[in-house]
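Here is the structure we will look at.
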Amino acid sequence: MFPDAILSGTPPVESPMSIDAHRQREVKWMALLPMVPPSQARRNKKVKRLLLDGVPSSVRYLVWCHLSDSKARAIPGVYAQLGKRQRVPAFSDIEKDAKTHFPDQTQLHRFDGPLVSLLQAYLNMVPDIQYGSGLTSIAGHLLLLSPEEDAFWIFASMMDAHLRPYFSANTIQLEVDAALLSKAIEINDPAVCRKLYVMLSIPPSVIAKSWFSTLFSGTLPVDYLHRIWDVFLYEGVTLLFRVGLALVQCVRHLLLQATSEEAAMEYLVHPPLACLPSTADAFLNQALMMKLKDDDVRKQRVKMEAQVKRQTQSRTNGSSGMQTASISLPKTS
């Protein structure tokens with residue numbers, strides 16, 4: 001993954017950006033974005049190099065729009081029309097989770113505010129999604145950087161490209177990714193793997209869901225989180241495995257001392273700041289350097305998903321293992 005940056009000995013910069021460096025990166029991004037079509041951005045080496053160098057906060061949401069190709073999905077008038085539909089069953093849960101995840105961002109707490117409105121619209125548009133608090137956390141972070149409607153389409157793009165299976169009534173993708181994550185942990189650190197999955201008997205899906213269905217929001221500090229999302233939108237789900245492996249490495253000594261599932265999960269989901277590298281770029285670099293073959297993960301995901309689907313179909317006497325994706329768009333004039 002990103003071999004040209006890693007092998008050249010130029011990992012992401014770890015010192016805070018100077019004003020000049022910040023402006024230079026802004027200029028580079030603003031010059032590059034119009035030149036690279038969004039549909040090609042995730043295959044462009046110049047985009048990859050700039051991502052490794054860093055994304056200034058002033059242009060981050062524009063970069064995320066580009067990497068997610070959200071403008072191509074946006075249909076004028078749809079967001080406003082979705083907002084007029086009846087309240088979704090999860091409405092009160094969204095309100096509660098907004099206050100829990102963003103206690104200092106009171107603008108996100110209102111029942112008619114942007115966070116509730118965004119998720120209300122999305123859950124009306126994609127009614128097969130099972131609400132989870134991770135949706136509120138992810139959407140809230142997008143809204144802190146993006147205008148409301150732009151945040152909605154970035155969110156919808158992220159969900160369609162990567163995350164919808166984690167919020168499906170059927171758990172095939174979560175089971176597959178949990179198994180792959182546990183295998184990756186075993187390869188990187190057999191002692192920690194045995195501690196987590198054997199001695200403490202933590203179900204693999206518990207760890208995977210805690211991280212993957214939230215994109216590590218609530219686990220990583222905000223600047224670390226945004227840096228991970230920069231690269232996630234380019235690289236996809238394989239980066240989540242790398243981040244998980246890096247977190248295990250950071251809290252390894254605590255995990256080996258843990259005496260209960262609850263204690264171990266606390267370290268994994270809320271790692272002490274002192275255990276993390278001192279900067280977001282240092283943590284990203286640690287994740288990129290983890291022992292993991294991305295192509296193998298991609299191939300195994302497809303293979304294992306097909307296998308689990310066949311097993312599920314067999315158990316249910318031929319019924320479909322994966323839910324048919326549904327979407328409900330309003331008519332626009």
Leaving out same-chain residues fewer than 8 places away, which lysines sit with a Cα under 23 Å from that of K99? K209
In terms of the charge dipole of the range 147-294, which places +1 on Lys and Arg and -1 on Asp and Glu at the beta carbon, the residue among L200, V269, S157 farthest towards the positive end is L200
By accessible area with a 1.4 Å probe, ligands and nucleic acids excluded, highest first: order of V269, V222: V222, V269
For the range 55-123: rounded, prolate or oblate by the Cα gyration tensor [a/c cutoff 1.5]: oblate
On the full set of protein chains, 1.4 Å probe, figure out the accessible area of K96 and give it in Å² to the nearest 10. 120 Å²
Ordering D104, D294, D112, D160 by how much accessible area each has at a 1.4 Å probe, largest first, what is the list? D104, D112, D160, D294
Determine ³J(HN,Hα), in whole Hz, for all residues of the range 262-267 in sequence, where each value follows from phi through the Karplus function 6.51 cos²θ - 1.76 cosθ + 1.60 and θ = phi - 60°; x replaces Gly and Pro. 4, 5, 5, 5, 4, 5
Which distance in Å, rounded to a whole number, links the C-alpha centroids of the range 262-278 and the range 74-109? 30 Å
So what J values fall out for the range 207-214 if you push phi through Karplus, 6.51 cos²θ - 1.76 cosθ + 1.60 with θ = phi - 60°, rounded to Hz, Gly and Pro as x? 5, 4, 5, 4, 8, 6, 7, 10
Kindly report, to the nearest 10 Å², the accessible surface of Y197 as traced by a 1.4 Å probe over protein heavy atoms only. 40 Å²
Given a 1.4 Å probe, how much area per residue of the range 34-192 is accessible, in Å²? 42 Å²
Just how much of K293 is accessible, in Å², when a 1.4 Å probe is used and the result is rounded to the nearest 10? 150 Å²
With the full set of protein chains in place, find how many percent of the accessible area of the range 228-315 is carbon and sulfur; take the probe as 1.4 Å. 51 percent
What are the ³J(HN,Hα) couplings of the range 133-149, residue after residue, when phi is run through the Karplus curve with 6.51, -1.76, 1.60 and θ = phi - 60°? Round to Hz, x for glycine and proline. 5, x, 4, 5, 5, 5, 4, x, 5, 5, 5, 6, 10, 10, x, 4, 5
Using only the Cα atoms of the chain, build the gyration tensor, take square roots of its eigenvalues as a ≥ b ≥ c, and label the shape rounded, prolate or oblate: rounded if a/c is under 1.5, else prolate if a/b is larger than b/c, else oblate. rounded
Under the rule of -39500 (n - 2.57) per DSSP H run of 4 or more residues, summed and divided by the residues of the chain, what mean residue ellipticity at 222 nm is obtained, to the nearest 500 deg cm²/dmol? -17000 deg cm²/dmol
Too long for a 28 Å Cα-Cα cut-off, among K45/K293; K96/K299; K45/K195; K48/K195, are K96/K299; K45/K195; K48/K195
Local charge sum around H141 (other residues, Cβ-Cβ under 14 Å, Lys/Arg +1, Asp/Glu -1)? -4
Given Cβ point charges of +1 (Lys, Arg) and -1 (Asp, Glu) and nothing else, what value in debye, to the nearest 20, does the dipole of the chain about its Cα centre take? 920 debye
Taking r as the C-beta separation of I75 and Q311 and R0 as 35 Å, the FRET efficiency to the nearest 0.05 is 0.40
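The values are calculated or read from the model by the stated rules, or taken from the named source; none is laboratory data. As the structure is a computational prediction, the values presented were derived from the model and not from experiment. Heads up, the Cβs are rebuilt from the backbone with ideal geometry, glycines too, and the neighbour counts pull from every protein chain shown. Remember, those area values only see protein heavy atoms, side chains included, never the ligands or the DNA or RNA. Shrake-Rupley method; radii C 1.70, N 1.55, O 1.52, S 1.80 Å.
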